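Participant: One structure, pasted below without further comment.
The values are calculated or read from the model by the stated rules, or taken from the named source; none is laboratory data. The model shown is predicted, which means the values in this text are computed figures rather than measured ones. Counting neighbours? That spans all protein chains shown, and the Cβs are built from the backbone with ideal geometry, glycine included. Keep in mind that these areas ignore ligands, DNA and RNA; they rest on the heavy atoms of the full protein, side chains included. Shrake-Rupley method; radii C 1.70, N 1.55, O 1.52, S 1.80 Å.
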Amino acid sequence: MAPSKVLMVAEKPSIALSIATVLSRGQMSTRRGSTDVHEFDGQFCGFHAHFKVTSVIGHIFSVDFPSPYQDWMVTNPVDLFQAPIVKTESNPKAHIRRHLSQEARGCAHLVLWLDCDREGENICFEVIECTGFHVNEARRRVYRARFSSVTEKDILKAMDNLVDPNRDEASAVDARQEIDLKVGVAFTRFQTSYFQGKYGNLDSRVISYGPCQTPTLGFCVQRYLQITTFKPEKFWVVRPFIIQSGYELQLEWERNKLFDLDVAVMFQKLVMEDGIVEVIDISEKQECKSRPSGLNTVNFLKVASSALGFGPQMAMQLAERLYIQGFISYPRTESTAYPSSFDFKGTLGAQVKNPMWGNYVQQLLDNGYLKPRSGTDAGDHPPITPMRLATEDMLGNDAWRMYQYVCQHFIGTVSPDCKYVRTKVEFSIGGELFHCTGQHVTVKGFTSIMPWLSVNEKNLPQFTKGEKIEVLKVELHEGNTSPPDYLSESELISLMEKNGIGTDASISAHINNICERNYVQVQAGRKLVPTALGISLIRGYQCIDPDLCLPDIRSFIEQQITLVAKGQADCLRVVQHVLQQFKQKFIYFVRKIENMDTLFEAQFSPLAESGRVLSKCGKCLRYMKYISTQPSRLYCSTCEEVYDLPQKGTIKLYKELTCPLDNFELLIFSMAGPEGKSFPFCPYCYNSPPFEGIDTLFSAVKTGSSGKAGKGAGMPCFLCPHPTCRHSLIAQGVCACPECNGTLVLDPVSAPKWRLYCNMCNCLVFLPQGAHRISTTRERCPECDSTIIEVDFNKKSTPLKDGATLHTGCILCDELLHSLVEVKHGKSFFKRMGARGRGRGSGRGYKGRGRGSGRSDDPKMSFRDF
DNA sequence: GCAAGGTC
């Protein structure tokens, strides 16, 4: 009998790999696909079976409105509360649905290895849908593996204890998705349309609302209001001084401070008149400062912001990179407790060669390290720990500092606690009580690896009980109470965690959101200062319906969907009930919007005076206004600059890309009429052509005689040269200039015509036209060492089909100009043709050169002859 | 153009 086939699906490729490695004891074969598939034979429920382990990449689907509801103009936001919703593939290009459906064919069993939280349970059902399995089918069964860590022990235990997936928990997530979508989009569309239609200088394209982002902003504004409404009060402190063993010592008052001057003066007089200090008690206490527990995401983000100066977004990006490169463990975790099976010895052992803390680690290994303090085990991933040794050279400064902290924190968790003795000496002067304290560290413990947490040594001179000392002087210190500082990012993260706003994976996104929308600005010390827009919004909610910006709004939704998760309420009814409440709030909000508008009126100027905000200025990074009255222009009110625009057409923002030369946001111009041509351009370059030869293009565009849109010619990624960047189809279209080693970037103003220019020496390079895709290869030209690019003329097939042709060559020197790649069996190989050397430096003539220098071998393949 | 949640 043929072995039955078992399909196993994990939440991400790395977990699929771990599961397959454990279950096959490393004896599996791997097939590349949308996500890799690991195959092996083994036993399943007592039978011989063939296993396939693959994964999704997070959620397969996300919810949205069907297309008729996508149009802001035709849909009334209030109707969104009853609108249908559709699930679409989150990342259609990854083809996860197709992948799962194909892999499930012929499988008799499906085992779900998604993360064991609500989101994971929800993804289980997304997987079930894609595979065509059914939960209660007897013939093809669905199993759920429950595991709290991806360790051999847990994986094997989960395999022996397979359960059913939990529909209720999954439904709770469906409920949350629908509520978040409808509430967020309805409020956002209404606010945006209302205020953008009224004011011209709102510094954000979208005036968004969301049950996480709005309370997050609320925290920042609340602190701002505390500061602005703060009334300082004067206070007074009696400060006696004595000299003991040659040291001058200031004594602390038991009453701390008084707010009444007369009373304070009375005490000062009393103390001065007595003039003798009596030591009434000396006590010593052993104090212990505990070593940290394991590092979870929230604490990691707090340290990154407060100690390393990295914002949450940046910190997560760095952590993500360290994780992918294998330097640290998975950075998104709630847990501060380690699994019992955690390999502390191995993890420490990996650090003994580190020049900074290697010796310390060796001592820990020799003398015995401690088990970390018990933290909380959220059952997701272990705390963030170093996985392998790194040096600064391997990582670069920023990532290195991050890595360094992760290492020091981990070593700290297995180090002894810090112990110190606290001495308190109490004094009496004329019956008034004072004291002073000293600290002496006996065991440094973990503070020697985390020196910033050290206990300050404070020595006290010797005193004996009953001793009498003369008072040197008595000061009356006058102080003012001071307002709190603006909310720091780190404090905000704590508040969000405490109030259940966002998750370890999404907290950074929410903070980033309110910064990007210009509701707050990050200032020195990573303090969050709300802008006029942010303040007006929150104050507006506060006077119309404070619930809208309180953190309870999130906990209310959470509490409602928890009823669904526990099976105590019907999903549909909960969603209806919650949406009904929000709809009432929405209707009331719309009716009372004038209350919020009063605040906007005081801050912003009417549309008529100022035009409409369109795109960001590259100089001041504030929004510029589009003046639609003829001739239409862009105006930056901060820089007081006007930029001309192409006329007689529509101008829109182009994919929120910025020009690499000057940081101005790119725009797209479309000529009037249904067949109107369009082209993207940079408003700054359009007014100040950055290089020779570009005028011709502009004059053609300006007179309307050209301006062809290159269909399929996507714009390059101007944001980064990273090969996996998905900002556009030809994200890789960046190579090095051999003249000056600068970066060659696809010319933003010539998207229809493929050209590269160097933003350092301004040289211009022409590319073959009619290409479907242009990308860089890893090959370097042996002549001039510039990057070899690859030009794909095959419009239809990605990946390339057999027989399709690619053209590769160095665009800068003639050496490999006519290299050819043929695609066979999905793999490409190079076939060099006609390599005739001209030597390095011979490529210098390309600047501004266009036609005429092509080769005769194959005109289509010449990069210059077009 | 919009939310929040996974993950890359």
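Participant: For the structure I just gave you, tell me whether residue A:423 is touching a Gly at 6+ places or on another chain (Cβ under 9 Å), assigned to a helix (DSSP H, G or I) and not assigned by TED's automatic domain parsing to the domain that holds residue A:368.
Facilitator: Spelling it out, it is not the case that residue A:423 is touching a Gly at 6+ places or on another chain (Cβ under 9 Å), assigned to a helix (DSSP H, G or I) and not assigned by TED's automatic domain parsing to the domain that holds residue A:368.
Participant: Among the residues of the stretch A:513-532, write down those that are assigned to a helix (DSSP H, G or I) and within 16 Å of DNA strand B (Cβ to nearest atom).
Facilitator: The answer is A:513, A:514, A:515, A:516.
Participant: Right, another one. Test residue A:555 against the criterion of being small (Gly, Ala, Ser), surrounded by 17 or more Cβ atoms within 10 Å (Cβ to Cβ) and not in a strand (DSSP E or B), and give yes or no.
Facilitator: Values: small (Gly, Ala, Ser): yes; surrounded by 17 or more Cβ atoms within 10 Å (Cβ to Cβ): no; not in a strand (DSSP E or B): yes.
No: the conditions fail for residue A:555.
Participant: Report, by residue number, each residue of the stretch A:492-512 that is in a helix (DSSP H, G or I) and either away from DNA strand B (no atom under 12 Å from the Cβ) or surrounded by 19 or more Cβ atoms within 10 Å (Cβ to Cβ) (or both).
Facilitator: Those that are in a helix (DSSP H, G or I) and either away from DNA strand B (no atom under 12 Å from the Cβ) or surrounded by 19 or more Cβ atoms within 10 Å (Cβ to Cβ) (or both): A:492, A:493, A:494, A:495, A:496, A:497, A:498, A:507, A:508, A:510, A:511.
Participant: Would you say residue A:475 is open to solvent by 50 Å² or more (accessible area, probe 1.4 Å) and within 16 Å of DNA strand B (Cβ to nearest atom)? Lay out the reasoning, then the answer.
Facilitator: Working: open to solvent by 50 Å² or more (accessible area, probe 1.4 Å): yes; within 16 Å of DNA strand B (Cβ to nearest atom): no.
Here the answer is no, as residue A:475 does not meet what is asked.
Participant: Could you tell me how many of the residues in the stretch A:463-472 are outside any loop (DSSP other than H, G, I, E, B) and open to solvent by less than 50 Å² (accessible area, probe 1.4 Å)? Even if it seems obvious, please write down each step before you answer.
Facilitator: Initially, the stretch A:463-472 is screened for residues outside any loop (DSSP other than H, G, I, E, B), giving A:468-472.
Those left that are additionally open to solvent by less than 50 Å² (accessible area, probe 1.4 Å): A:469, A:471.
The qualifying residues number 2.
Participant: Go through A:197, A:184 for me and flag whichever is under 22 Å from the mean Cα position of the chain (by Cα), within 14 Å of DNA strand B (Cβ to nearest atom) and closer than 28 Å to residue A:79 by Cβ.
Facilitator: Numbers: A:197 fails: under 22 Å from the mean Cα position of the chain (by Cα).
Result of the check over A:197, A:184: A:184.
Participant: In this structure, is residue A:588 in a strand (DSSP E or B) and open to solvent by 20 Å² or more (accessible area, probe 1.4 Å)?
Facilitator: Against the criterion (in a strand (DSSP E or B) and open to solvent by 20 Å² or more (accessible area, probe 1.4 Å)), residue A:588 does not qualify.
Participant: So which of A:173, A:221, A:238, A:206 is in contact with a helix residue (DSSP H, G or I) (Cβ under 9 Å, 6 or more places away or on another chain), of a type in the set (A, V, I, L, M, F, W, C) and in a loop (DSSP other than H, G, I, E, B)?
Facilitator: Only one candidate passes the filter, namely A:206.
Participant: Moving to a separate point now. Residue A:88 versus (1) within 14 Å of DNA strand B (Cβ to nearest atom); (2) more than 24 Å from residue A:156 (Cβ to Cβ); (3) not in a strand (DSSP E or B): which is the lone unmet condition?
Facilitator: (3)
Participant: Which one is surrounded by the fewest Cβ atoms within 10 Å (Cβ to Cβ) among residues in the stretch A:205-239 that are among the charged types (D, E, K, R) and more than 8 Å from DNA strand B (Cβ to nearest atom)?
Facilitator: A:231
Participant: Something else: Out of the residues in the stretch A:407-453 that are open to solvent by 30 Å² or more (accessible area, probe 1.4 Å), hydrophobic (A, V, I, L, M, F, W, C) and under 30 Å from residue A:299 (Cβ atoms), state the one that is modelled with the highest pLDDT.
Facilitator: Top of the filtered list is A:443.
Participant: Also, I was wondering about something else. Starting from the stretch A:644-658, take each residue that is closer than 20 Å to residue A:688 by Cβ and part of a strand (DSSP E or B) and list its partners that are open to solvent by 70 Å² or more (accessible area, probe 1.4 Å) and away from DNA strand B (no atom under 14 Å from the Cβ), counting only C-beta distances under 7 angstrom and pairs at least six apart or across chains.
Facilitator: So the pair list comes out as A:644/A:633.
Participant: Counting only residues that are without any contact (Cβ under 8 Å) to a residue 40 or more places away in the chain and away from DNA strand B (no atom under 14 Å from the Cβ), how many does the stretch A:287-319 have?
Facilitator: Adding up the residues that qualify gives 1.
Participant: Test of understanding: among A:179, A:128, A:155, which residue is in contact (Cβ under 8 Å) with a residue 60 or more places away in the chain, more than 16 Å from DNA strand B (Cβ to nearest atom), in a helix (DSSP H, G or I) and out of contact with any Lys or Arg (no Cβ under 6 Å at 6 or more places or on another chain)?
Facilitator: That would be A:155, the only listed residue that is in contact (Cβ under 8 Å) with a residue 60 or more places away in the chain, more than 16 Å from DNA strand B (Cβ to nearest atom), in a helix (DSSP H, G or I) and out of contact with any Lys or Arg (no Cβ under 6 Å at 6 or more places or on another chain).
Participant: Sticking with this one: Scan the stretch A:491-509 and report the pairs whose first residue is more than 14 Å from residue A:215 (Cβ to Cβ) and whose second residue is within 11 Å of DNA strand B (Cβ to nearest atom) and among the hydrophobic types (A, V, I, L, M, F, W, C), with Cβ atoms within less than 8 Å and a gap of 6+ or a chain change.
Facilitator: Pairs found: A:508/A:316.
Participant: Can you find a residue in the stretch A:110-125 that is assigned to a helix (DSSP H, G or I) and over 30 Å from residue A:335 (Cβ atoms)?
Facilitator: No.
Participant: Right, another one. Quick one: in the stretch A:376-402, which of the residues that are more than 16 Å from DNA strand B (Cβ to nearest atom) and among the hydrophobic types (A, V, I, L, M, F, W, C) is surrounded by the fewest Cβ atoms within 10 Å (Cβ to Cβ)?
Facilitator: A:394
Participant: Here is a list: A:37, A:56, A:6. Which entry is away from DNA strand B (no atom under 16 Å from the Cβ), of a type in the set (Val, Ile, Thr) and touching a strand residue (DSSP E or B) at 6+ places or on another chain (Cβ under 7 Å)?
Facilitator: A:6
Participant: Search the stretch A:320-358 for residues being among the hydroxyl-bearing types (Ser, Thr, Tyr), within 16 Å of DNA strand B (Cβ to nearest atom) and assigned to a loop (DSSP other than H, G, I, E, B), and hand back the single one that is most open to solvent (accessible area, probe 1.4 Å).
Facilitator: The selected residue is A:330.
Participant: Right, next: Of a type in the set (A, V, I, L, M), within 25 Å of residue A:117 (Cβ to Cβ) and surrounded by 21 or more Cβ atoms within 10 Å (Cβ to Cβ): which single residue out of A:520, A:574 fits that description? It would help to see each step written out before you state the result.
Facilitator: Numbers: A:520 fails: within 25 Å of residue A:117 (Cβ to Cβ).
Matching residue, one of A:520, A:574: A:574.
Participant: Just to be sure before I move on: is residue A:428 part of a loop (DSSP other than H, G, I, E, B) and either away from DNA strand B (no atom under 16 Å from the Cβ) or not aliphatic (A, V, I, L, M) (or both) in the structure I sent?
Facilitator: When the stated conditions are applied, residue A:428 does not pass them.
Participant: So, in the stretch A:359-375, how many residues would count as being open to solvent by 30 Å² or more (accessible area, probe 1.4 Å) and free of Cβ contacts under 8 Å to residues at least 60 places away in the same chain?
Facilitator: Looking only at that region, the number is 9.
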